[in-house]
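Novice: Have a look at the structure that comes next, please.
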Amino acid sequence: MDGRFNTDESYRFPYAVRNSDAAILRFPFPFPEDSYMYSMNVEPHVPAGPVASLHHAFDIDEHYVSECREKARILAEDPERCLVLPHMRQAEWDFVELAMDSLSRDYPDLFALDRDGDRWRWTNRPLEITQDFVFGNAGTLPCGPFEYMARQMQGDFTLQDQRDGDLWMDGGMVTSQADWSLKFDLGMSFGQWHAPVPKAPQMGIFDRALRFLLMLRHGHPVRRLNWTMTINPRLDTSPENFTIWGGDRGSVTADNVADKVHLRVELQSLFRLPRSNAILFSVRCYLLPVGAIARVPKWRSRLHRVLRDLDPALVAYKGLDRYLPQTVAFLSRLDDGAVLSPGI
Ligand code: HEM
């Protein structure tokens, strides 16, 4: 992170999002092989990995200021994008501590946390915030502790309570999701909120994932990459606003495919929270047009092969049907057929 932000971006019509060369090279390209199917692709969330976006607990990039502004607009239009059930209050404070500690440690030029017992001072330089508050006393913050912190971070967050051998989505702030709804999923169990996903249940992925997560330890976070595609650089592809963005799927032509069709990658990380024993699920969304992906030779060939051979059940679930042919045709002209080494 070089400390400079694109402060004038728009994630809604008229769209205006730029990606620097550095942003393209830190994109977490999700395909280590020429084909893709769901798997238990979970690894330790440690400060290492092939691209810099994986190297921090919570990644901050050049879109930080614009994304936080877009999040504030969405919350103003629909305050129920942030919902936390009352029994998650301790998890809210766990989240505040994890986020403030991590951001001030990883980006000392941007954020600072000064603690004097339970009297804390939080400084967020890019958003020009200085806040004195008493840790554990919600009355000393301008809004609930989870909402206060999640507004100052890129991406979505959900809080999972662990009880009865299951995980329950009992809170969250969700404004940049790939077509699912916190309002709908709130209070659901791990199996219930994953019910729409094809194939993975039969493959045993969710049973294994749940068993694994129930044993997640504090201080040993894990991560995985998930992906889909989005027309235009739109963060808020929510079911609530489907009427605004759904029709864009029919707007892709051979002339505009390079700029309009975006690979949408989610860097998902999971943290055990220390006091509440809840699990924080963080979803950091990266959008890159296929025209920018095509600038990296290995990525354009690999994306072509993955999309060309994608299982029809995944094509339907991810909603790619209407523009996949144009996208594959565009990428096929750029794929020289060379054998690609494993990894990105
Ligand atoms: C999809 C939440 C952990 C695999 C989803 C969806 C949600 C979600 C809301 C969208 C479902 C829909 O269509 O409505 C979560 C939460 C997690 C979690 C809150 C942790 C607490 C995991 C883990 C795995 C996993 C550990 C696998 C190892 C998947 C897959 C999809 C999915 C494969 C389909 C994604 C796609 O094709 O775009 N998850 N998930 N999830 N999840 Fe999870």
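Novice: Under a 5 Å amide H to amide H cut-off, with H placed in plane at 1.01 Å, what residues pair with Met229 once short-range neighbours are removed?
Specialist: Amide H to amide H, under 5 Å and 5 or more residues apart or across chains, Met229 pairs with Arg264.
Novice: Each label point is 7 Å from the Cα along the Cα-to-Cβ direction; what then is the distance between the points at Glu77 and Asp166, in nm?
Specialist: Result for the modelled spin labels: 3.3 nm.
Novice: When only Cα pairs under 8 Å and 6 or more residues apart are kept, what is the percent relative contact order across the chain? Before the final figure, lay out the partial values.
Specialist: Details: 581 pairs, mean separation 71.2, N = 344.
After rounding, I find 21 percent.
Novice: Using 0.36 nm times the number of residues separating Met188 and His87, minus their current alpha carbon distance, what extension gain do you get?
Specialist: Working: separation 101, 0.36 × 101 = 36.36 nm, distance 1.48 nm.
Length gained, Met188 through His87: 34.9 nm.
Novice: To continue, here is another question. What accessible area per residue, rounded to a whole number of Å², is obtained for the chain using a probe radius of 1.4 Å? Write down the numbers at each step before the final one.
Specialist: Values: 14960 Å² over 344 residues.
Computed with neighbouring chains in place, this is 43 Å² per residue.
Novice: Between Ala316 and Gln202, what is the spin-label point distance in nm, taking each point 7 Å from the Cα along the Cα→C-beta axis?
Specialist: My value for the distance between the label points is 1.1 nm.
Novice: Give or take rounding to whole Å, what are the principal axis extents of the alpha carbon atoms in the chain, in descending order?
Specialist: 61, 44, 40
Novice: Could you give the length gained on full extension between Tyr15 and Asn256, defined as 0.36 nm per residue of separation minus the Cα-Cα distance, in nm?
Specialist: Values: separation 241, 0.36 × 241 = 86.76 nm, distance 1.40 nm.
So the chain would gain 85.4 nm between Tyr15 and Asn256.
Novice: Accessible area of the range 170-293 with a 1.4 Å probe: how many percent of it is carbon plus sulfur? Write out the running numbers ahead of the final one.
Specialist: Numbers: 2640 of 4740 Å².
Ligands and nucleic acids excluded, carbon and sulfur reach 56 percent.
Novice: Report, to the nearest whole %, how much of the accessible area of the range 96-162 belongs to carbon and sulfur atoms, 1.4 Å probe, protein only.
Specialist: Values: 1150 of 2760 Å².
Accessible surface attributable to carbon and sulfur in the range 96-162 totals 42 percent.
Novice: Given 37 °C and 0.692 mPa s, how large is the Stokes-Einstein diffusion coefficient of the range 1-120 in µm²/s, with Rh as the Kirkwood radius over Cα pairs? Numbers along the way, then the final one.
Specialist: Values: Rh = 17.6 Å.
For these conditions, the coefficient is 187 µm²/s.
Novice: Just to check I understand the Karplus step: with θ = phi - 60° and J = 6.51 cos²θ - 1.76 cosθ + 1.60, what whole-Hz values come out for the range 132-147, glycine and proline as x?
Specialist: 8, 7, 9, 4, x, 10, 5, x, 8, 10, x, 8, x, x, 5, 4
Novice: Please turn the phi angles of the range 337-344 into ³J(HN,Hα) values with the Karplus equation 6.51 cos²θ - 1.76 cosθ + 1.60 (θ = phi - 60°), one per residue in order, whole Hz, x for glycine and proline.
Specialist: After applying 6.51 cos²θ - 1.76 cosθ + 1.60, I find x, 5, 5, 9, 6, x, x, 9 Hz.
Novice: Computed over the Cα atoms of the range 220-344, what is the ratio Rg over Rh, Rh following Kirkwood? Before the final figure, lay out the partial values.
Specialist: Details: Rg = 16.5 Å, Rh = 16.0 Å.
With Rg and the Kirkwood Rh in hand, the quotient comes to 1.03.
Novice: Length gain on complete extension for the stretch His218 to Val134, per 0.36 nm per residue less the alpha carbon to alpha carbon distance?
Specialist: Values: separation 84, 0.36 × 84 = 30.24 nm, distance 2.37 nm.
That pair, His218 and Val134, stretches by 27.9 nm at full extension.
Novice: Still on this structure: Grab the other residues whose beta carbon is less than 15 angstrom from that of Arg305, score K and R as +1, D and E as -1, and report the net. List each step's numbers first, then the result.
Specialist: On the way: positive: Lys298, Arg300, Arg302, Arg308, Arg333; negative: Glu33, Asp34, Asp309, Asp311, Asp335, Asp336.
Around Arg305, the surrounding residues sum to -1.
Novice: Same structure again: Modelling each spin label as a point 7 Å along the Cα-to-Cβ direction, I'd like the Val42/Arg211 distance in nm, to one decimal.
Specialist: In this crude label model, Val42 to Arg211 measures out at 1.1 nm.
The values are calculated or read from the model by the stated rules, or taken from the named source; none is laboratory data. Given the structure is predicted, the values throughout are model-derived calculations rather than measurements. Please note: Cβ atoms are built from the backbone with ideal geometry, for glycine as well, and neighbour counts cover all protein chains shown. Heavy atoms of the whole protein, side chains included, go into the accessibility calculation; ligands, DNA and RNA do not. Shrake-Rupley method; radii C 1.70, N 1.55, O 1.52, S 1.80 Å.
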